[in-house]
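The values are calculated or read from the model by the stated rules, or taken from the named source; none is laboratory data. Quick caveat: nothing in here was measured; it's all calculated off a predicted structure. Cβ placement follows ideal geometry from the backbone for every residue including glycine, while neighbour counts extend to all protein chains displayed. For accessibility, only protein heavy atoms count, side chains too; no ligands or nucleic acids. Shrake-Rupley method; radii C 1.70, N 1.55, O 1.52, S 1.80 Å.
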Amino acid sequence: MAKQKLTLSEKLNIIRAGVLGANDGIIGGAGVILGVTGATTNNTVIFVAGIAEMFAVAFSMASGEFVSVSSQKDTEKAVVTQAKTLLATQPAVIHDEIAAHYEARGAEPKLAARVADDLMVKDALGHYVQIKYGFIVEKYLSPAHALISSFIASVSGGIWPLLAVVVLPEGWKVVGTVVATLWALFLTGWLSAWSGHAPKTPAILRNVITGLITMAFTYWIGTLLK
């Protein structure tokens, strides 16, 4: 059996969940670690806080993605059920909506009506749902894809600032954590733009700037509590 290719929406679902998970893992991890480092130099406390935060964020992001995409999938299924009922009871309404769609896009009324006639015969439900709601019937976004992508990306991102603060000597912990975090954010921005065929510079700058603001603020808060 041939493996079906992912649609653009499915790919974007995975990329979006991964980017969100990675960013939260990186920035959240760096924020907690620098906040704790600003308040104490106890390596055990810093390490435990970093590990706890890394997995807490990963599970939180993964479960949030699963619930969110599941809700979207349930809504889309409900829409398809309603469309099936409308098609069975009032097919003329669906015909007119399809025709109106093509007429609004510039087709002459008679041509739009003929297109609607053809589509009603070939796949009325599928065309109607895609035209009116923007998704393909039976091609729902996968909650599992979002969960796995978010979890793996979150842990992969959160490990960078944690490794920096654990491995580096005392005097380099803060600077090293900042550098490791910025490098991870750079990679996340570049990879997300590359995988989505989008401009790389804006994606990288967004990540780096938000990361700098987060780290500066949390470290400052930590010093106030020292």
So for TYR128, TYR133, TYR140, what's the accessible-area order with a 1.4 Å probe, most first? TYR133, TYR140, TYR128
Comparing ALA39, ALA78, ALA62, which has the greatest mean-square fluctuation in the GNM of the chain with Cα pairs linked when under 10 Å apart? ALA78
Which aspartates and glutamates, on any chain, are close to LYS5 with Cα under 18 Å apart, when same-chain ones fewer than 8 places away are left out? GLU138
Once you put a point 7 Å from the Cα of LEU111 and another 7 Å from the Cα of LYS132, both along the Cβ direction, what distance in nm separates them? 2.5
Ignoring everything but the protein chains, give the 1.4 Å probe accessible area of THR75 in square angstrom, nearest 10. 80
GNM on the chain, C-alpha springs below 10 Å: top fluctuator among LEU185, LEU111, LEU147? LEU111
Candidates LEU205, LEU162, LEU86: whichever shows maximal mean-square fluctuation once the chain is modelled as a Gaussian network with Cα springs under 10 Å: LEU86
Computed FRET efficiency, Cβ-Cβ of VAL175 and SER60, R0 41 Å: what is it to the nearest 0.05? 0.90
Enter the accessible area of GLU138 (Å², nearest 10), with the probe set to 1.4 Å and all protein chains included. 130
As an exercise, use a Förster radius of 45 Å and the Cβ-Cβ distance of THR85 and ALA198 to find the FRET efficiency, rounded to the nearest 0.05. 0.70
Given points 7 Å out from each Cα along the Cα-Cβ axis, report the ASP118 to TRP183 separation in nanometres with one decimal. 5.7
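Using only Cα atoms, what is the ratio of the radius of gyration of the chain to 2.2 N^0.38 Å?
Details: Rg = 24.3 Å, N = 226, 2.2 N^0.38 = 17.3 Å.
This ratio for the chain stands at 1.41.
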Could you tell me which residue out of ALA52, TYR140, ALA83 lies farthest along the dipole of the chain toward its positive end? Charges go on the beta carbon: Lys and Arg +1, Asp and Glu -1, centred on the Cα centre. ALA52
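So, counting K/R as plus one and D/E as minus one, what does the shell of residues with Cβ under 12 Å around ALA144 add up to?
On the way: positive: LYS73; negative: GLU10, GLU65.
Cβ neighbours under 12 Å give a net charge of -1.
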Accessible carbon and sulfur surface of the chain relative to its total accessible area, %, 1.4 Å: 67
If ligands, DNA and RNA are left out, what is the accessible area of ARG16 with a 1.4 Å probe, given in Å² to the nearest 10? 90
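Note the full-extension length gain between SER71 and ARG206 as 0.36 nm times their separation in residues minus their Cα-Cα distance, in nm to one decimal.
On the way: separation 135, 0.36 × 135 = 48.60 nm, distance 2.84 nm.
So the chain would gain 45.8 nm between SER71 and ARG206.
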Could you tell me the relative contact order of the chain? Use alpha-carbon pairs under 8 Å, at least six residues apart, and round to a whole percent. 39
